[in-house]
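Trainee: Just passing along the structure, written as structure tokens.
What follows is calculated from the coordinates using simple rules that are stated; it is not laboratory data. What you see is a predicted model; the values in this text were computed from it and never measured. Glycine gets a Cβ as well: all are built from the backbone with ideal geometry, and neighbour counts include every protein chain shown.
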Amino acid sequence: MDPNTRFSKILKDGLCIGCGLCQSVLGSAKLHMEKAQDGELRPQLRGELTRADVDLVYDVCPGARCEAIPSEEANAAPFDDLVWGPYHSLSRAWAVDANTRYEGSTAGVLTALAQYLLYSGRVSFILHVKASEQEPTFGEATISTTMEEVLSGAGSRYGPTAPLIGLVAALDRNEPFAVVAKPCDLNAIRNLAHKDARVNRLIKYMLAPVCGGFMPDQAMNRFLSDNDILMQDITALRYRGRGCPGPTTITTNDGRRRDFHYLDFWGEDESKWSLPFRCKVCPDGIGEAADIAAADTWPNATPDREGSVTDPGTNSVITRTQRGEALLQAALADGFLAPGGQVDVDYMSNTQPHQVSKKRFMHARFKGLNRAGQLTPATFGLRLEELSDQNTAEENTAQEQGAFERASRVNV
């Protein structure tokens with residue numbers, strides 16, 4: 001298989017998440033992230049790739065490879081769970097600053113931690129995302145050096161975003177920094193650490209939300225059309241925040257503002273979620289590459305319809321590394337986070353049931369996709385086979401067959 005074709009198979013098989021790392025490591029003269037025909041951010045070839053180029057992409061792309069925290073850090077964790085992985089603590093917390101808690105997508109924990117890293121001098125800047133200035137439904141990578149800049153990016157971005165498009169440029173600054181990004185983005189950074197020693201030297205902290213995926217551009221267009229909103233009329237879009245989860249707020253160029261409940265935007269249950277294919281086969285939505293991961297805490301992952309604006313929000317917090325646990329304790333001691341008490345894996349599973357089922361069945365789904373000739377990510381430290389062994393043979397067979405049939409329909 002020639003290099004360009006081999007590279008394109010990642011895209012053809014739906015495994016590109018649009019993170020932008022391939023452009024960052026190969027350079028924009030070879031690859032450039034652009035809006036593809038389906039509306040998603042995808043790398044566009046600008047020339048011939050060498051075999052070495054494509055080997056590097058396969059080594060770092062989170063569509064081809066997903067790695068958790070290094071084994072030595074996993075082994076140092078005092079607790080371990082087959083679903084939730086190694087951890088130092090499971091707890092609840094929220095931002096002490098009322099405005100940070102209000103603006104954040106749940107309770108502002110990741111925003112407050114990023115602010116604290118700058119305030120305490122632990123890092124020089126934060127690499128994270130904010131709303132795109134060109135396309136309000138999209139996100140874009142940004143670098144923040146002040147607490148105010150961090151706050152301006154608060155609130156989840158549920159649209160296509162390339163957070164790693166400038167990662168190599170960030171490393172070139174030769175300053176300590178932190179990254180706040182999706183779990184798959186952090187999987188990619190863990191992959192890159194094997195190729196670039198600066199990753200472990202300069203990236204002092206990696207923070208992630210526990211992630212259910214994002215809305216593809218085509219699905220967003222359907223939502224807008226159903227609500228008589230034209231994409232070209234949108235001047236601002238806020239997916240959540242200002243409550244827990246707060247409204248999805250769309251502002252148009254005639255000054256109108258439309259608020260939609262989280263459940264009206266996403267649907268009442270997981271079966272109605274519109275997600276990219278890569279999100280549907282994500283082996284690590286729970287942030288196993290992160291030092292700290294923060295999650296929503298709604299029972300059965302469903303926010304209360306009536307109280308979602310007045311609820312100030314509470315995050316669950318998973319610390320996976322000694323570094324992450326030390327950061328959490330320092331942020332609590334210095335008044336950036338408020339403690340909400342310890343929780344256990346049953347609490348995590350009750351508030352994130354879709355993450356449990358996805359993790360349990362992913363190995364069987366990968367087998368079905370492989371049988372149909374599709375790529376699946378190689379995984380390291382994520383226990384997919386061990387989890388599959390906990391299922392019944394009937395469950396695994398049904399999951400494998402379903403994935404095979406879906407892939408076969410796509411590849412006809």
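Trainee: Report the extension gain between H261 and Q329 in nm, rounded to one decimal, defined as 0.36 nm multiplied by the number of residues separating them, less their alpha carbon distance.
Mentor: Stretched fully, the H261-Q329 segment lengthens by 21.1 nm.
Trainee: Using +1 at the C-beta of Lys and Arg and -1 at the C-beta of Asp and Glu, which of F336, Q352, T376 has the Cα lying farthest in the positive direction of the dipole of segment 322-412?
Mentor: It is T376.
Trainee: How about K30: which aspartates and glutamates have a C-alpha closer than 18 Å to its C-alpha, ignoring those fewer than 8 places off in the same chain?
Mentor: D2, E48, D53, D55, D59
Trainee: Just grab the label-to-label distance for D233 and Y119, each label 7 Å out from Cα along the Cβ direction, in nm (one decimal).
Mentor: Spacing of the two 7 Å Cα→Cβ label points: 4.2 nm.
Trainee: Right, something else. Please work out whether segment 191-246 counts as rounded, prolate or oblate from its C-alpha gyration tensor, where a ≥ b ≥ c are the square roots of the eigenvalues and a/c under 1.5 means rounded, while otherwise a/b larger than b/c means prolate and anything else oblate? Show your work: numbers first, answer last.
Mentor: Numbers: a/c = 3.21, a/b = 2.30, b/c = 1.40.
Cα axes put segment 191-246 in the prolate bin.
Trainee: Setting aside same-chain residues fewer than 8 positions from K35, which aspartates and glutamates have a Cα under 18 Å from its Cα?
Mentor: D13, E133, E135, E140, D217
Trainee: Where the only charges are on Cβ atoms (+1 Lys, Arg; -1 Asp, Glu), what is the dipole of segment 61-110 about its Cα centre, to the nearest 20 debye? Provide the component values of the computation, followed by the final result.
Mentor: Details: 3 positive and 7 negative charges, 39 e Å.
That gives a dipole near 180 debye.
Trainee: In debye to the nearest 20, how big a dipole does the chain give about its Cα centre with +1 on each Lys and Arg Cβ and -1 on each Asp and Glu Cβ?
Mentor: Magnitude of the dipole: close to 740 debye.
Trainee: What distance in nm separates the two pseudo spin-label positions at S357 and S225, each 7 Å out from Cα along the beta-carbon direction?
Mentor: Those two pseudo-labels are separated by 2.8 nm.
Trainee: Something else now. Classify segment 147-256: rounded, prolate or oblate, from the alpha-carbon gyration tensor (a ≥ b ≥ c, eigenvalue square roots; a/c under 1.5 rounded; otherwise prolate if a/b is larger than b/c)?
Mentor: Prolate is the answer for segment 147-256, as a/c is 1.5 or above and a/b outweighs b/c.
Trainee: Structure shown: which of K182/K358; K280/K367; K12/K359 lie over 22 Å apart, alpha-carbon to alpha-carbon? Mind dumping the intermediate values first?
Mentor: Numbers: K182/K358 17 Å; K280/K367 15 Å; K12/K359 24 Å.
Long pairs (Cα-Cα over 22 Å): K12/K359.
Trainee: With just the Cα atoms defining each centre, how far is segment 300-346 from segment 116-152? Give it in Å.
Mentor: Cα centroid of segment 300-346 versus Cα centroid of segment 116-152: 21 Å apart.
Trainee: Taking 25 Å as R0, compute the FRET efficiency from the Cβ-Cβ separation of A98 and D344 and round it to 0.05. Walk me through the numbers on the way to the answer.
Mentor: On the way: r = 29 Å, r/R0 = 1.15.
According to the calculation, E is roughly 0.30.
Trainee: With point charges of +1 on the Cβ of Lys and Arg and -1 on the Cβ of Asp and Glu, referenced to the Cα centre of the chain, which listed residue (Q134, Y205, Y87) lies farthest in the positive direction of the dipole?
Mentor: Value: Q134.
Trainee: Rounded if a/c is under 1.5, else prolate if a/b is larger than b/c, else oblate: which is segment 24-118, with a ≥ b ≥ c the root eigenvalues of its Cα gyration tensor? Don't jump to the answer; show the numbers that get you there.
Mentor: Details: a/c = 2.92, a/b = 1.54, b/c = 1.90.
Because a/c hits 1.5 or more and a/b fails to exceed b/c, segment 24-118 counts as oblate.
Trainee: What is the magnitude of the charge dipole of segment 141-278 about its Cα centre, with +1 placed on the Cβ of each Lys and Arg, -1 on the Cβ of each Asp and Glu, and no other charges, expressed in debye to the nearest 20?
Mentor: Numbers: 17 positive and 16 negative charges, 105 e Å.
That gives segment 141-278 a dipole magnitude of about 500 debye.
Trainee: Find the centroid of the Cα atoms in segment 227-299 and in segment 375-402, then give the distance between the two in whole Å.
Mentor: With segment 227-299 and segment 375-402 each reduced to a Cα centre, they are spaced 28 Å.
Trainee: What fraction, in whole percent, of alpha-carbon pairs in the chain exceed 41 Å separation?
Mentor: Details: 7598 of 84666 pairs.
Tail of the P(r) past 41 Å holds 9 percent of the pairs.
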